[in-house]
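S.K.: Here it is: the structure, laid out below.
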Amino acid sequence: MSEQCLDTYLGLICTNFSLSKIKTGHNNFIKMNRINTLLVGIFYILASQIHAQTVYYDADQFPLIGKTSDETETRYERLPAYLKEVCRPPVWNLGKNTSGLAIRFSTNSTAISAKWEVTGDNRMNHMTETGIKGIDLYAWEGGHWQPVKAGLPSGKVNERTIISDMTPQEREYMMFLPLYDGVISLSIGIDSAAYIKNPVLPYPDTTHPILVYGTSITQGGCASRPGMSYTNILARRLNREVINLGFSGNGQLDYEIAELMATRRDASLFVLDFIPNVNATQLAEKTRPFFDILRKANPDIPILFVETVIFPHSFYDKSIYGTITEKNRLLREEYEKIKREGDKNVYYLANDNLIGSDGEATVDGIHFTDLGFLRFADKMYDTIRQINNQ
């Protein structure tokens, strides 16, 4: 039944109600009044059903944040198309994952749904499927991004009502995309009687993004949902676009990625968080050339080196502990050499208590839980604020 039909139906009820008052006696009028009250109740039930019908809109029409470039093979991926023939295949394939990408929109709908299809239907034994291939909705409330609810995946093709029974007021939303899978298509569902449009608020600010290069931890392993990766946490707290260039197992100082990052002359900060994916030889040989590519093109943009955390199981595994501490020592040597040469825009974040000292911040001794990501983001946030204030 259409809304127009319902309006006509209600008009007939009201007319019938008025006529009954004239044509019947008092007792019959009471009976008719009860019937009409029942009919009005039925109308409102039908009206609410119409209101609750979901209409889907292709997310292509709304702003997408978190990309280095719009020159990608498809909309929902992180690396520009030219890199397909240039970078290592694992890096290119991981660039198809949508970690750090988010859709912005505004609607007054009482319910929000989503349809999305992922590329790989990926699964891992140490990370939730919601983090791997789910979506995560936030709303702008009282000057901050408030979690709404995650869209739980069911497989390669998904349709999910994320939230319902909200008050019908206009809100601005941000929908984070999967961390460890790609997206082929995405549609946003709202009430048939509601509207959806482009956001008005310029948040997160995309004029001076932060670019973060790193590993599986940077990519978001193993957040329970997309909003809990540390780059997405930082994007919300700083209200600034944070571009995620984390490549699981492949943050190996590929110069092609440095060259890509260097093209973003509008960046406010480059973050280098790669230690877990390189050995000591790679670190000693490739850190400075990678840095120099960034610095040559961007002499004034701050660059932050980040040590790897001391993984909790290294308390027992002394081989791991020795490897971690040696790589952190080599990174600090590179940093201090650059500082001695006079670079005033290079910074360093040591591993001191980056994820706490209680051993409870990882899934498998390496990859972060949500607790680990929150603690890490806290330290990163404080460091970035200090850099911005200098």
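S.K.: Could you say which residue among THR167, THR110 is more than 22 Å from SER248 (Cβ to Cβ), in the same structural domain as SER229 (by TED's automatic domain parsing), loosely packed, with under 15 Cβ neighbours inside 10 Å and not hydrophobic (A, V, I, L, M, F, W, C)?
M.R.: Of the residues listed, the single one that is more than 22 Å from SER248 (Cβ to Cβ), in the same structural domain as SER229 (by TED's automatic domain parsing), loosely packed, with under 15 Cβ neighbours inside 10 Å and not hydrophobic (A, V, I, L, M, F, W, C) is THR167.
S.K.: Scan (1) within 24 Å of LEU94 (Cα to Cα); (2) surrounded by fewer than 21 Cβ atoms within 10 Å (Cβ to Cβ) for the single condition THR308 breaks and write down its number.
M.R.: Status for THR308: all satisfied but (2).
S.K.: Starting from residues that are of a type in the set (Phe, Trp, Tyr) and surrounded by fewer than 19 Cβ atoms within 10 Å (Cβ to Cβ), keep the ones in region 348-387 and report whichever is farthest from PHE315 (Cα to Cα).
M.R.: Taking region 348-387 first, the residues of a type in the set (Phe, Trp, Tyr) are 348, 368, 373, 376, 381.
Within this subset, residues satisfying the condition of being surrounded by fewer than 19 Cβ atoms within 10 Å (Cβ to Cβ) are 348, 381.
Working: TYR348: 24, TYR381: 27 Å.
Restricting to residues being of a type in the set (Phe, Trp, Tyr) and surrounded by fewer than 19 Cβ atoms within 10 Å (Cβ to Cβ), the top hit is TYR381.
S.K.: Does ASP292 count as surrounded by fewer than 18 Cβ atoms within 10 Å (Cβ to Cβ), in the same structural domain as TYR381 (by TED's automatic domain parsing), among the acidic types (Asp, Glu) and touching a residue at least 12 places away in the same chain (Cβ under 8 Å)? Show your work before the answer.
M.R.: Numbers: surrounded by fewer than 18 Cβ atoms within 10 Å (Cβ to Cβ): yes; in the same structural domain as TYR381 (by TED's automatic domain parsing): yes; among the acidic types (Asp, Glu): yes; touching a residue at least 12 places away in the same chain (Cβ under 8 Å): no.
No; evaluated as a whole, the condition is false for this residue.
S.K.: Residue by residue through region 53-77, note down the ones that are polar (S, T, N, Q) and within 23 Å of LEU201 (Cα to Cα). Steps first, answer last, please.
M.R.: First pass over region 53-77, keeping only residues polar (S, T, N, Q): 53-54, 61, 68-69, 72, 74.
Result: GLN61, THR68, SER69.
S.K.: Right, next: Please work out which one of (1) among the small types (Gly, Ala, Ser); (2) at pLDDT below 95; (3) in contact with a Gly (Cβ under 7 Å, 6 or more places away or on another chain) is the condition SER48 fails and give its number.
M.R.: Failed condition: (3).
S.K.: Scanning for something closer than 18 Å to GLU307 by Cα and touching a Pro at 6+ places or on another chain (Cβ under 6 Å), does region 246-259 turn up at least one residue?
M.R.: Checking region 246-259: at least one residue is closer than 18 Å to GLU307 by Cα and touching a Pro at 6+ places or on another chain (Cβ under 6 Å).
S.K.: Another question, then. Counting only residues that are part of a helix (DSSP H, G or I) and out of contact with any strand residue (DSSP E or B) (no Cβ under 9 Å at 6 or more places or on another chain), how many does region 287-319 have?
M.R.: 10
S.K.: Could you identify the single residue in LYS156, LYS67, LYS84, LYS149 that is touching a Leu at 6+ places or on another chain (Cβ under 7 Å), surrounded by fewer than 18 Cβ atoms within 10 Å (Cβ to Cβ) and of a type outside the set (Asp, Glu)? Can you show your working first?
M.R.: Values: LYS156 fails: touching a Leu at 6+ places or on another chain (Cβ under 7 Å); LYS67 fails: surrounded by fewer than 18 Cβ atoms within 10 Å (Cβ to Cβ); LYS84 fails: touching a Leu at 6+ places or on another chain (Cβ under 7 Å).
Only one candidate passes the filter, namely LYS149.
S.K.: Now for a separate question. Please pick out the residue among ALA258, ALA267, ALA284 that is part of a helix (DSSP H, G or I), assigned by TED's automatic domain parsing to the domain that holds LEU83 and under 26 Å from the mean Cα position of the chain (by Cα). Even if it seems obvious, please write down each step before you answer.
M.R.: Details: ALA267 fails: part of a helix (DSSP H, G or I); ALA284 fails: under 26 Å from the mean Cα position of the chain (by Cα).
Selected residue: ALA258, the only one of ALA258, ALA267, ALA284 that is part of a helix (DSSP H, G or I), assigned by TED's automatic domain parsing to the domain that holds LEU83 and under 26 Å from the mean Cα position of the chain (by Cα).
S.K.: Going through ILE188, ILE184 one at a time, which residue ends up being surrounded by 17 or more Cβ atoms within 10 Å (Cβ to Cβ) and either small (Gly, Ala, Ser) or in a strand (DSSP E or B) (or both)?
M.R.: Working: ILE184 fails: surrounded by 17 or more Cβ atoms within 10 Å (Cβ to Cβ).
When all the criteria are applied, what remains is ILE188.
S.K.: So, one more: The conditions are (1) closer than 21 Å to GLN219 by Cα; (2) outside any loop (DSSP other than H, G, I, E, B), and GLU360 fails exactly one of them. Which is it?
M.R.: (2) is the only condition that GLU360 fails.
S.K.: Inspect region 339-351 for any residue being under 28 Å from the mean Cα position of the chain (by Cα), assigned by TED's automatic domain parsing to the domain that holds LEU260, closer than 22 Å to ASN239 by Cα and among the aliphatic types (A, V, I, L, M) and give the result as yes or no.
M.R.: Of the residues in region 339-351, the ones under 28 Å from the mean Cα position of the chain (by Cα) are 346-351.
From what's left, assigned by TED's automatic domain parsing to the domain that holds LEU260: 346-351.
Adding the requirement that they be closer than 22 Å to ASN239 by Cα leaves 347, 349.
Subsequent filtering for residues that are among the aliphatic types (A, V, I, L, M) retains 349.
The answer is yes, given that some residue of region 339-351 is under 28 Å from the mean Cα position of the chain (by Cα), assigned by TED's automatic domain parsing to the domain that holds LEU260, closer than 22 Å to ASN239 by Cα and among the aliphatic types (A, V, I, L, M).
Yes/no matrix, rows are residues, columns are (1) among the β-branched types (Val, Ile, Thr); (2) free of Cβ contacts under 8 Å to residues at least 12 places away in the same chain; (3) in contact with a Phe, Trp or Tyr (Cβ under 9 Å, 6 or more places away or on another chain); (4) part of a strand (DSSP E or B):
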position: VAL148; (1), (2), (3), (4): yes, no, yes, yes
position: ARG160; (1), (2), (3), (4): no, no, yes, yes
position: GLN169; (1), (2), (3), (4): no, no, no, no
position: LEU201; (1), (2), (3), (4): no, no, yes, no
position: CYS222; (1), (2), (3), (4): no, no, yes, no
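S.K.: Could you grab the pairs with beta carbons closer than 9 Å, sequence gap of 6+ or different chains, first residue in region 345-367 and modelled with pLDDT under 95, second one charged (D, E, K, R)?
M.R.: Sorted first by the residue in region 345-367, then by its partner, the pairs are ASP352/GLU307; ASP352/LYS379; ASN353/ARG375; ASN353/LYS379.
S.K.: For the condition in a loop (DSSP other than H, G, I, E, B) and either without any contact (Cβ under 8 Å) to a residue 40 or more places away in the chain or touching a strand residue (DSSP E or B) at 6+ places or on another chain (Cβ under 7 Å) (or both), what is the one hit in GLY322, GLY342?
M.R.: Working: GLY322 fails: in a loop (DSSP other than H, G, I, E, B).
Answer to the check: GLY342.
The values are calculated or read from the model by the stated rules, or taken from the named source; none is laboratory data. This structure is a prediction, so every number in the text was calculated from the model and none was measured. Positions of Cβ are backbone-derived with ideal geometry, glycine not excepted, and every protein chain shown enters the neighbour counts.
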